[in-house]
Amino acid sequence: MRTAATATTTIHHMLDIIAQATPEVAQGITGNIASAFGLLGAAIGVGMIGNKAAEAVGRNPGASGKILVQAIIGMALAEGLGILALFLA
């Protein structure tokens, strides 16, 4: 089992390796990390929207059509921001 100190040491070691790399490589790595965080945020957002939509349909099955429309719009916006993060990072 890894402790927090071990994880912190590993992260510092990885950052040292990035710092010693050429600037082009370091920029590519940091860009990939930024893209990953942006896409991770979008995935979490879509999961939360789906979870809450399923919960809302469970509470009020008669409103499932309206809930579905709102959930699809919310998921599209979250995915759009994820794609934007992918291309801008």
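The values are calculated or read from the model by the stated rules, or taken from the named source; none is laboratory data. Note that this is a predicted model, so its numbers are computed, not measured. We place every Cβ from the backbone using ideal geometry, glycine too, and count neighbours over all the protein chains shown.
Details
- Residue list for region 1-43, restricted to those being modelled with pLDDT of 75 or more and within 29 Å of Ala76 (Cβ to Cβ): Asn32, Ile33, Ala34, Ser35, Ala36, Phe37, Gly38, Leu39, Leu40, Gly41, Ala42, Ala43
- Residue count for region 34-73 under the criterion of being within 29 Å of Ala85 (Cα to Cα) and buried (at least 16 other Cβ atoms within 10 Å of the Cβ): the result is 10.
- The one condition from (1) under 30 Å from Ala34 (Cβ atoms); (2) in contact (Cβ under 8 Å) with a residue 12 or more places away in the chain that Gly80 does not meet is (2).
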